[in-house]
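As structure tokens, the structure follows; a few thoughts come after it.
The values are calculated or read from the model by the stated rules, or taken from the named source; none is laboratory data. Bear in mind that the values here come from a model prediction, so they are computed numbers and not experimental data. Ideal geometry is used to build each Cβ from the backbone, glycine not excepted, and the neighbour counts take in all protein chains shown. The protein model used for the area step is the full one, side chains on, heavy atoms only, and it has no ligands, DNA or RNA in it. Shrake-Rupley method; radii C 1.70, N 1.55, O 1.52, S 1.80 Å.
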There are 2 protein chains.
Amino acid sequence: MRYSQVFGNNTLRHNPSKSKSIGYSLLLRGGFVRSLGSGLFALMPMGMKVVDKMKTIMREELDALGGQEMDLPLVVPQNLWKKTGRDRIIGKQLIRFEDRHGHDLVLSTSHLEPITQLARLSINSYRDFPRFLYQFKTKFRDEEKVRCGLFRAKEFTMKDAYSFHRSYTDLNNFFPKAFKAYSNIFSRCGIEVVTAESAVGSLSGDRAYEFLMECDWGDNLIVTCPSCGYRANLDVAVGVKEITSGVPKPPEEIPTPGCDTKEKLIDFLGVDASEVAVTTLYETLNGWVLVVIRGDYEISSEKLSRLIEEPVIGLASDEEVKKQGLKPGYLFPSNEITGYRLVVDDSVAESDSLIVGSDKPEIHIRNASFGRDFESSFVGDVARIRANTKCIQCGALMKEVKAIEIGNIFKLGNFFSKSIGLSFTEENGEISHPHIGSYGIGLGRLMMAIVEANKDEKGIIWPQGLAPYNFFLMGIGKSFKVKNIVDKLAVEIGADVLFDDRHESVGVKFKDFDLLGIPYRIVISTKGLLDGNAEFYERRTGKAWRVPLGMVIKTCKALIDESI
Amino acid sequence: MRYSQVFGNNTLRHNPSKSKSIGYSLLLRGGFVRSLGSGLFALMPMGMKVVDKMKTIMREELDALGGQEMDLPLVVPQNLWKKTGRDRIIGKQLIRFEDRHGHDLVLSTSHLEPITQLARLSINSYRDFPRFLYQFKTKFRDEEKVRCGLFRAKEFTMKDAYSFHRSYTDLNNFFPKAFKAYSNIFSRCGIEVVTAESAVGSLSGDRAYEFLMECDWGDNLIVTCPSCGYRANLDVAVGVKEITSGVPKPPEEIPTPGCDTKEKLIDFLGVDASEVAVTTLYETLNGWVLVVIRGDYEISSEKLSRLIEEPVIGLASDEEVKKQGLKPGYLFPSNEITGYRLVVDDSVAESDSLIVGSDKPEIHIRNASFGRDFESSFVGDVARIRANTKCIQCGALMKEVKAIEIGNIFKLGNFFSKSIGLSFTEENGEISHPHIGSYGIGLGRLMMAIVEANKDEKGIIWPQGLAPYNFFLMGIGKSFKVKNIVDKLAVEIGADVLFDDRHESVGVKFKDFDLLGIPYRIVISTKGLLDGNAEFYERRTGKAWRVPLGMVIKTCKALIDESI
């Protein structure tokens, strides 16, 4: 390909975006992607070539597990989302609209609902397992915050995959294979990932794992233990909670005017956050739940959701709290007024003499103790664990690491099958619901991560097998001889060469070669031709060497064969 | 691939849809596609394989013309559509929505606006031409009538391509090459197409051509001359209009109570449709226009749009007509009341003594004549020409043929460049606007057309190179020997064989082979093994022959090599 003809060959010397991600900036500067609006991106021809190579790697790994590629519509009936309740859980991320015939439709943020619906039409018997289906498909998520270009876009292409199994055991047996395929994909894409258990989020599933890459602008906090290697996403991490219990003192009411937030209360009473117990109201898929936790912890919606075995939609607003007959900031940990379930974090259950709300205006209660002053059968860990908490495995102090998520896999169980009405007949005639696994990688995000992990101060250094072209060819000098030789070589090397035939200086071409990250540069110069040589240069290592003209094609072939 | 593991292997013996298209019915029955809602379809794994092969053909043909593949977002800012006015012209087909940050967005029905916007960021100089860009991308059109399954779906994947040229001459020179590439694509897909000039529609362009396949349920009417071969879409076809003129008689007012439609007027007066001239009001992109045409013709919006050089949005409603101070059904062909342009079809301009409205209630005028009683400088042909009109070239009576459109190409000129603000610097320093061509093929529609043209009463007969697999393998008999041999052959033939290992009868497997349209069937039977033979059968020709077991792999290879 002649670079003069490439759409997007006007490279930029400076970062045109305000993003913190150097990876995104390099993709913009090299003409791999362009922005078309907030969270909306176009893949330019050079970027398309990279993504195609990423797709080939994914297809190879997924096909090896019996993966079958398909293509589902982006727009699906909202009715399917109502069946799983996800239209409410996902909230504003989900774009809904009505077509001219009055059908309520949504733009898919993922494709679990329609693939389960299709499985209804195709899976009937215990013989019809397993099925492992995947696609590369546009998704639209109306994100609250778009971030770092392709990293969190509104529209993006996802490689999403779904596996259907006869039983939970079968899903469990398949899961490590999918895990391995994902590890292979990332390793072949030249990035080092760590895995961490993560939130199942809106998917109402059993377990989820994230594939993460450490990154200083990452928005994913991972709690890790430097001693034993424990690692989990902040949403699900566990750790040792410090408990200071003593002999419970008798409870007493204290006036606390204007203390309708934890911060105001602590400030007014001059106590430590660990001395108060904060009660809040959460909305869940099917109703409401009260949660009480010690003031030095925050609540993890994910842990809460797992404890009550129901998706959590979010914290109730002050207005909602008032509607339920409660006073924001003054809630007493009991379900006497509302009848809702009360969840007690173990930090509260195991501490004595805490300050709690009283359900009366402007009054809190001092020395309240679980088991004596309030009770519940829902006791467990719903706290977010942060850095400097002791590791539950080895007792060492844990750290937090910033990372970006580049893939995730979910063990979903049979919630979706049951909701959508997917069932099959067992060998013995019984009706059963398949267990589903779900596996996702965002392509734009992955491309950005690849660049983030494979770059230097001059530009991108594409990993072997992902570069848009393997060779960058240029001539130096205006002699006909140079021109004839580069023209001839361009044809002979063929589809795998980017021939920089632009009317630009040698310096500009060298800089663009560095920016574009193509593995090998081949220069034909008047000087080199004196000895009948071409000059080869390897982008990753900086290695330069001379090759007799007659050996150029052979050398190119050998370089590619070597790298496979 | 083992057919027992294919997602969607539950073939259907009867047409599950009410569609008239046998092609669509066969695709449903064979498990190539499934419906997920009105106008919403999923490509199942077998359908995906066919579409992938179609894409390969298209890539080869487009790349040969310097095509560069990219990927644009489906969702784009509405603002881009406002610049070209197409948000109004396209009307209800275009889904608009607001994201949570208040951005007005649309679901692209085509990608002319964003590609032109991207060109603004990449084309600056006369050196940056030509550019030929394409993608395979989801489109969403909120069609008034979804039809025949994939034929007119709401969501579909389109191969859309756009070419940018320095001048109209350059576009004209490129156009025949794109035309040829399209012809190659259809011919390689095994369908016979005819081409016809067609409406430019909302694209405000210069010329458009459709690639059509004759089809008895087609919704596209083509006017053809059996004598000289003239052919054009009904919207743009021309023909000889019969004129009966004489000495104009003096005009006179006649009472016509309740005659507010053409039909009522003709009925009330007992005259022929050709004796009246009907005046109507049309909305255009920038205003309104009055049009008068003889009662025996209908107006072609496309011809009207070309005559006034402005996109036509549609016929004004009775309410709109009244708002303009006019009386529906009684409009006099003059712009005295409104000041709008008056377009006169030549059928009216050349006829004498027609019955026209009077702009007064319940009164028409008899013997009105153009040039004496009303005038305009906008005279031309805006009539739809139907069957039994004389050919303008040779005078023979023309026919109408039903067809389906499977591709179209547009010569758009520089309207989009000007609207979006795409310009470049000429060699002499002048600023100029590129000329654009646009080229589209809907993939689902094409797949359906392929089946429509390649089928028999038993099922699909995929053209060479498009079948999901080239070989269908099965065993007859329960002996271990048969089982061992088919298992071994399945592995040896590899990715190109569909091995029917289902627990089904021979009859069912034979029927499914016929339905799926795979080119070659290979049967291993106890009987055939007595002579050491496999039985080959060709779907298209019905030819059957025996091949020694040791020659099966060689035979498969030869059959594929032959066909290339």
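How much net charge surrounds residue A:537 when only other residues with a Cβ under 15 Å from its Cβ are counted (Lys, Arg +1; Asp, Glu -1)?
With Lys, Arg at +1 and Asp, Glu at -1, the net is +3.
In the protein assembly as shown, what percent of the accessible surface is made up of carbon and sulfur (1.4 Å probe, ligands and nucleic acids excluded)? Intermediate results must be reported in sequence, preceding the final value.
Numbers: 22660 of 45870 Å².
Carbon and sulfur together cover 49 percent of it.
Please compute the length gained on full extension between residue B:283 and residue B:396, using 0.36 nm multiplied by the number of residues separating them and subtracting their Cα-Cα distance. Each step should come with its number before you reach the end.
Numbers: separation 113, 0.36 × 113 = 40.68 nm, distance 3.57 nm.
So the extension gain works out to 37.1 nm.
Might you work out the accessible area of residue A:503 for me, using a 1.4 Å probe with all protein chains in place, and round it to the nearest 10 Å²?
Surface open to solvent at residue A:503 totals about 150 Å².
Can you list residues whose amide H is under 5 Å from residue A:256's amide H, if they're 5+ apart or on another chain and H is modeled 1.01 Å from N?
A:363, A:364
Across bins of 10 angstrom width beginning at 0, how are the C-alpha pair distances of region A:218-371 distributed, in whole percent?
Pairs per bin, as whole percents: 10, 37, 35, 15, 3.
Per residue of region A:515-526, in order, report the coupling 6.51 cos²θ - 1.76 cosθ + 1.60 (Karplus, θ = phi - 60°) as ³J(HN,Hα) in whole Hz, putting x for Gly and Pro.
Coupling constants for region A:515-526: 5, 6, x, 5, x, 10, 10, 10, 10, 10, 10, 4 Hz.
Please calculate how many Å² of accessible area the protein assembly as shown carries per residue, with a 1.4 Å probe and no DNA, RNA or ligand atoms counted.
Using a 1.4 Å probe on heavy atoms only, each residue of the protein assembly as shown averages 41 Å².
So what are the radius of gyration and Dmax for the Cα set of region B:61-144, in Å?
14.6, 44
How big is the charge dipole of chain B about its Cα centre, in debye rounded to the nearest 20, if each Lys and Arg gets +1 on its Cβ and each Asp and Glu gets -1 on its Cβ?
Charge dipole, chain B, about its Cα centre: 2660 debye, nearest 20.
If you line up the Cα atoms of region A:372-432 on their principal axes, what length do they span on each, largest first, in Å?
54, 46, 22
Any number yet on Rg/Rh for the protein assembly as shown, C-alpha, Kirkwood?
Across the protein assembly as shown, the Cα-based Rg/Rh ratio is 1.03.
Which value results for Rg/Rh of region B:319-373 when Rg is the Cα radius of gyration and Rh the Kirkwood radius based on the inverse mean 1/r? Intermediate results must be reported in sequence, preceding the final value.
Working: Rg = 11.5 Å, Rh = 11.9 Å.
Radius of gyration over Kirkwood radius for region B:319-373 works out to 0.96.
How large is the accessible surface of residue B:445 in square angstrom, using a 1.4 angstrom probe and rounding to the nearest 10?
40 Å²
Buried by at least 50 Å² relative to the chain on its own: which residues of region A:111-140 qualify, computing accessible area with a 1.4 Å probe on protein heavy atoms?
The answer is A:118, A:121, A:122, A:131.
Taking only C-alpha pairs under 8 Å that are 6+ residues apart, what is the relative contact order of region B:348-431 in percent?
Value for region B:348-431: 14 percent.
Say the dipole of region B:15-149 comes from +1 at the beta carbon of Lys and Arg and -1 at that of Asp and Glu; which of B:45, B:25, B:64 then lies farthest toward its positive end?
B:25
When the Debye formula is applied to the Cα atoms of chain A, each taken as the same point scatterer, what base-10 log of I(q)/I(0) results at q = 0.06 Å⁻¹?
-0.42
When the scattering of region B:385-533 is computed by the Debye formula from its Cα atoms alone, each counted once and equally, what is log10 I(q)/I(0) at q = 0.11, 0.13, 0.15, 0.19 Å⁻¹?
Ignoring solvent entirely, the Cα scatterers give -0.71, -0.80, -0.91, -1.14.
Order B:284, B:169 by their accessible area, 1.4 angstrom probe, all chains in place, largest first.
B:169, B:284
Quick query: amide H of residue B:534 versus all other amide H atoms, modeled in the peptide plane; which residues come in under 5 Å with a sequence gap of 5 or more or a different chain?
The answer is B:547, B:549.
Once the Cα gyration tensor of region A:173-232 is found, what semi-axes does its equivalent ellipsoid get, as square roots of 5 times the eigenvalues, in whole Å, sorted largest first?
With the √(5λ) rule applied to region A:173-232, the semi-axes are 19, 17, 13 Å.
Roughly what would the spin-label model give for residue A:377 and residue B:101, points 7 Å off Cα along C-beta, in nm?
About 4.8 nm, to one decimal.
Counting protein heavy atoms only and a 1.4 angstrom probe, how many square angstrom of accessible surface do chains A and B bury in total, to the nearest 100?
5200 Å²
Report, please, the projected area of region A:7-93 averaged over directions, based on the convex hull of its C-alpha atoms, in nm².
8.9 nm²
Measure of size requested: the Rg and Dmax of region B:484-535, with Cα atoms as the atom set and Å as the unit; please supply both.
11.4, 30
Using only the Cα atoms of region B:427-474, what do you get for the radius of gyration and for Dmax, in Å?
21.3, 70
If the only charges are +1 at each Lys and Arg Cβ and -1 at each Asp and Glu Cβ, what is the size of the charge dipole of region B:197-342 around the Cα centre, to the nearest 20 debye?
Numbers: 13 positive and 25 negative charges, 85 e Å.
Dipole magnitude for region B:197-342 comes out near 400 debye.
Convert 4 °C to kelvin, take the viscosity as 1.567 mPa s, use the Kirkwood radius over C-alpha pairs of region B:275-345 as Rh, and evaluate the Stokes-Einstein diffusion coefficient in µm²/s, rounded to a whole number.
Answer, rounded: 107 µm²/s.
Using the beta-carbon distance between residue A:487 and residue A:254 and R0 = 60 Å, what value does 1/(1 + (r/R0)^6) give for FRET efficiency, to the nearest 0.05?
So, using R0 = 60 Å, E works out to roughly 0.10.
Run the dipole for region A:126-210 about the Cα centre, Lys and Arg Cβ at +1, Asp and Glu Cβ at -1, nothing else charged, and hand back the magnitude in debye, nearest 20. Don't jump to the answer; show the numbers that get you there.
Numbers: 15 positive and 11 negative charges, 57 e Å.
My answer is approximately 280 debye.
Got a sec? Charge dipole of chain B, +1 on Cβ for Lys and Arg, -1 for Asp and Glu; which of B:138, B:473, B:270 is way out at the positive end?
B:473
If you wrap a convex hull around the Cα atoms of region B:146-208, how much volume per residue is inside, in Å³?
Spread over its residues, the Cα hull of region B:146-208 gives 134 Å³ apiece.
Can you give me the solvent accessible area of residue B:59 with a 1.4 Å probe, rounded to the nearest 10 Å²?
70 Å²
No other cysteine beta carbon under 4.7 Å away is the test; run it over the protein assembly as shown and list who passes.
So far as the 4.7 Å Cβ criterion goes, A:148, A:189, A:215, A:259, A:556, B:148, B:189, B:215, B:259, B:556 stand without a partner in the protein assembly as shown.
Using packing as a proxy for protection, rank A:482-492, B:430-440 so that the peptide with the highest average count of other Cβ atoms within 10 Å comes first. Show your work: numbers first, answer last.
Numbers: A:482-492: 16.2, B:430-440: 20.2.
Output ranking for A:482-492, B:430-440: B:430-440, A:482-492.
In percent, what relative contact order does chain B have, based on Cα pairs under 8 Å that are 6 or more apart in sequence? Please list the in-between numbers first.
Working: 1168 pairs, mean separation 95.1, N = 564.
For chain B, the relative contact order is 17 percent.
Computed over the Cα atoms, what is the radius of gyration of region A:161-268 divided by 2.2 N^0.38 Å, N being its residue count?
In units of the globular-protein estimate, region A:161-268 measures up at 1.67.
What do you get when you divide the Cα radius of gyration of region A:1-153 by 2.2 N^0.38 Å, with N the number of residues?
Ratio of Rg to 2.2 N^0.38 Å for region A:1-153: 1.30.
Under 5 Å between amide H atoms, partner at least 5 residues away or on a different chain: which partners does residue B:412 have, H built in plane at 1.01 Å?
HN-HN under 5 Å from residue B:412: B:206, B:436, B:437, B:438.
Kirkwood hydrodynamic radius (Cα pairs, Å) of region A:288-444?
Averaging 1/r across every pair of different Cα atoms and inverting gives 19.1 Å.
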